[in-house]
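Engineer: The structure that follows is given in the form of structure tokens.
A short reminder: the numbers here are calculations on the coordinates, not readings from a lab. Only a predicted model underlies this, so the values are computations on that prediction, with no experimental measurement involved. For neighbour counting, all protein chains shown are included, and Cβ atoms are generated from backbone atoms with ideal geometry for every residue, glycine included.
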Amino acid sequence: MHRVVCPGSFDPVTNGHLDIISRAAAMYDEVVVAVLINVTKQGLFTVDERVELLREVTSQYGNVKIDRFHGLLVDFCATNGITAVIKGLRAVSDFEYEMQMAQMNYRMAKVETLFMTTNPLYSFLRSSLVKEIARYGGDVSGLVPETVLSRLRQRLAEE
Ligand code: ADP
């Protein structure tokens, strides 16, 4: 049984995240998408809302589970029987930081990290950019799932 984790903030989930999650789901027995609980950084969506959106948009994948974690990712892996972390690489700029994290996680707990290159359609895509564009009235349809798009519009209208 190969259980892997896709960790991140997912504030909110984008089509870039979904691309990596769905490809991982096709390769491994179980994929746990783990939302990082960061007490020092308030997101646009609460952790509960991010989890709920992730559940909605991954409901067609029977082997994808949504969870949350705080503290060290390697501890979350140990508690949940996870042997590898899956990360999407958008550009070379992602690589240096990701390599440090991967090497540290391996050193601490022998947790492996596997990198998937992003679908070129989404190589420029990150949640913070989506939020910024949407905040100023830009069109982000096609970059996030429909349900995220409507929640995003609703949330920004409340601000
Ligand atoms: P961001 O806020 O930059 O979108 P997250 O922390 O939510 O990032 O992302 C979690 C992980 O999802 C990242 O470490 C990366 O592996 C992957 N990821 C994010 N965006 C993309 C994308 N456009 N294409 C491929 N992988 C992505």
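Engineer: What is the calculated FRET efficiency for residue 154 to residue 41, with r their C-beta to C-beta distance and R₀ = 30 Å, to the nearest 0.05?
Structural biologist: 0.85
Engineer: DSSP loop chymotrypsin sites (Phe, Trp or Tyr not before Pro) in the stretch 1-102 with at most 14 other Cβ atoms within 10 Å of their Cβ, which ones?
Structural biologist: Loop-located and lightly packed - none at all.
Engineer: Let me ask something else. What is the magnitude of the charge dipole of the stretch 10-51 about its Cα centre, with +1 placed on the Cβ of each Lys and Arg, -1 on the Cβ of each Asp and Glu, and no other charges, expressed in debye to the nearest 20?
Structural biologist: Here the size comes out at about 140 debye.
Engineer: I would also like to ask the following. Based on the Cα gyration tensor of the stretch 57-137, what are the three equivalent ellipsoid semi-axes, each the root of five times an eigenvalue, rounded to whole Å and given largest first?
Structural biologist: For the stretch 57-137, the ellipsoid semi-axes come out as 26, 18, 13 Å.
Engineer: Moving on. Could you tell me the distance between the Cα centroids of the stretch 136-159 and the stretch 47-115, to the nearest Å?
Structural biologist: Between the Cα centres of the stretch 136-159 and the stretch 47-115 lies a distance of 25 Å.
Engineer: Sticking with this one: Once you have the Kirkwood Rh of the chain from its Cα pairs, apply Stokes-Einstein at 25 °C and 0.890 mPa s and quote D in µm²/s.
Structural biologist: Translational diffusion coefficient: 152 µm²/s.
Engineer: A follow-up question, please. At 7 Å along the Cα-to-beta-carbon direction for both residue 61 and residue 99, put a label point, then send me their distance in nm to one decimal.
Structural biologist: Reported label-point gap for residue 61 and residue 99 is 2.7 nm.
Engineer: Please give the contour-minus-distance gain from residue 89 to residue 112: 0.36 nm per residue of separation, less the Cα-Cα distance, rounded to one decimal in nm.
Structural biologist: Using 0.36 nm per residue and subtracting the Cα-Cα distance, I get 6.7 nm.
Engineer: In addition: What lysines does residue 131 reach when the alpha-carbon gap must be under 17 Å and sequence neighbours fewer than 8 apart in one chain are set aside?
Structural biologist: 41
Engineer: Highest mean first, how do 131-143, 15-27 rank when packing is the count of other Cβ atoms within 10 Å averaged over residues?
Structural biologist: Listed from highest to lowest mean packing, they are 15-27, 131-143.
Engineer: Also, I was wondering about something else. Of 125, 66, 103, which is farthest along the charge dipole of the stretch 43-159 in the positive direction, counting Lys and Arg as +1 and Asp and Glu as -1 at C-beta?
Structural biologist: 103
Engineer: Hey, another quick one. Excluding residues on the same chain fewer than 8 positions from residue 87, give the lysines whose Cα lies under 20 Å from its Cα.
Structural biologist: 65, 110
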